[in-house]
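The values are calculated or read from the model by the stated rules, or taken from the named source; none is laboratory data. Remember, it's a predicted structure, so these values are computed and weren't measured experimentally. Because the Cβ atoms are built from the backbone with ideal geometry, glycine has one as well, and the counts that use them run over all protein chains shown. Side chains are part of the model used for accessible areas, which takes the heavy atoms of the whole protein and leaves out ligands, DNA and RNA. Shrake-Rupley method; radii C 1.70, N 1.55, O 1.52, S 1.80 Å.
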Amino acid sequence: MVIPGFMASDRTTARLRKSLRQAGFNCCGWGMGRNLGIKSDIFERMDDRLADMNNSDHVTLIGWSLGGLIAREYAKYAPHRVAKVISLGTPFSSGPRANNGWRIYEMIAGHKVDAPPLDVTLSAKPPVPTVAIWSMRDGMVAPDAACGEPHESDVRIQENCTHMGMIADPNVIRRIAHHILD
């Protein structure tokens, strides 16, 4: 399942999902419309979406930017449903303001980035395997926030792309495919 970033939707991640399907993966979007930020019922909605998929297997969650934060936190909430989390340009380390979009996020989401409507610890590693893909050229998220400290993710991979490129760059897509299987 691919979870879009802030203000993005499944339409935005269509190329990534298409590429993963062409590589032989059963891949879907999150199916919850435009990602307008963390809401108090987000984990219940994720549960419902996974139940609708009628999939008894653990799911790999691929989250881009804010979608990666949702994926990491959902994996803490429901580790029995998640096989792995792959984050793409996700600001899980260094604090919630380590990105260029936090002010807009607060206006649209209706809460402060450091006071979401859920109890979360963004830098805490989920109890499932995690892969953090990040870039020095990101431009939206501070590289150290998306790379994290060694104890915050199992695998940290530097790519050479922009924030928007995380969901479309062929090299990143190959890395994602490799780590789904790894």
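So which of Asp48, Asp10 ends up being without any contact (Cβ under 8 Å) to a residue 60 or more places away in the chain and either farther than 22 Å from Thr162 by Cβ or of a type in the set (S, T, N, Q) (or both)?
After applying the criteria, what remains is Asp48.
All conditions but one from (1) open to solvent by less than 30 Å² (accessible area, probe 1.4 Å); (2) closer than 29 Å to Asn171 by Cβ; (3) not in a loop (DSSP other than H, G, I, E, B) apply to Ala83; the one that does not is (1).
Yes or no: region 108-127 includes at least one residue that is at pLDDT 95 or above, over 17 Å from Met7 (Cα atoms) and among the charged types (D, E, K, R). Taking every residue of region 108-127 in turn, at least one turns out to be at pLDDT 95 or above, over 17 Å from Met7 (Cα atoms) and among the charged types (D, E, K, R). Of the listed requirements (1) in contact (Cβ under 8 Å) with a residue 40 or more places away in the chain; (2) open to solvent by less than 40 Å² (accessible area, probe 1.4 Å); (3) among the charged types (D, E, K, R), Lys39 misses just one: (2). Scanning region 134-155 for residues that are among the hydrophobic types (A, V, I, L, M, F, W, C), more than 18 Å from Val2 (Cα to Cα) and either open to solvent by 80 Å² or more (accessible area, probe 1.4 Å) or not in a strand (DSSP E or B) (or both) yields Met136, Met140, Ala142, Ala145, Cys147. I need the full set of residues from region 51-80 which are open to solvent by less than 10 Å² (accessible area, probe 1.4 Å) and free of Cβ contacts under 8 Å to residues at least 60 places away in the same chain, in order please. Across region 51-80, the qualifying residues are Arg72, Tyr74, Ala75, Ala78. Restricting attention to region 86-97, does a residue exist that is in contact with a His (Cβ under 8 Å, 6 or more places away or on another chain), touching a residue at least 24 places away in the same chain (Cβ under 8 Å) and under 21 Å from Thr13 (Cβ atoms)? Within region 86-97 (the criterion being in contact with a His (Cβ under 8 Å, 6 or more places away or on another chain), touching a residue at least 24 places away in the same chain (Cβ under 8 Å) and under 21 Å from Thr13 (Cβ atoms)), the answer is yes, since at least one residue qualifies.
Here is the figure for region 22-36: residues that are open to solvent by 70 Å² or more (accessible area, probe 1.4 Å) and not in a loop (DSSP other than H, G, I, E, B) total 1. Among the residues making up region 156-181, those that are free of Cβ contacts under 8 Å to residues at least 40 places away in the same chain, not β-branched (Val, Ile, Thr) and not in a helix (DSSP H, G or I) are Arg156, Gln158, Glu159, Asn160, Cys161, Asp169.
Just one of Ile70, Ile62 is modelled with pLDDT of 95 or more, in a strand (DSSP E or B) and not aromatic (Phe, Trp, Tyr); which is it? Criteria check complete, one pass: Ile62.
What about Ser19, is it open to solvent by 20 Å² or more (accessible area, probe 1.4 Å), assigned to a helix (DSSP H, G or I) and in contact (Cβ under 8 Å) with a residue 40 or more places away in the chain?
Judged against the criteria, Ser19 is a match.
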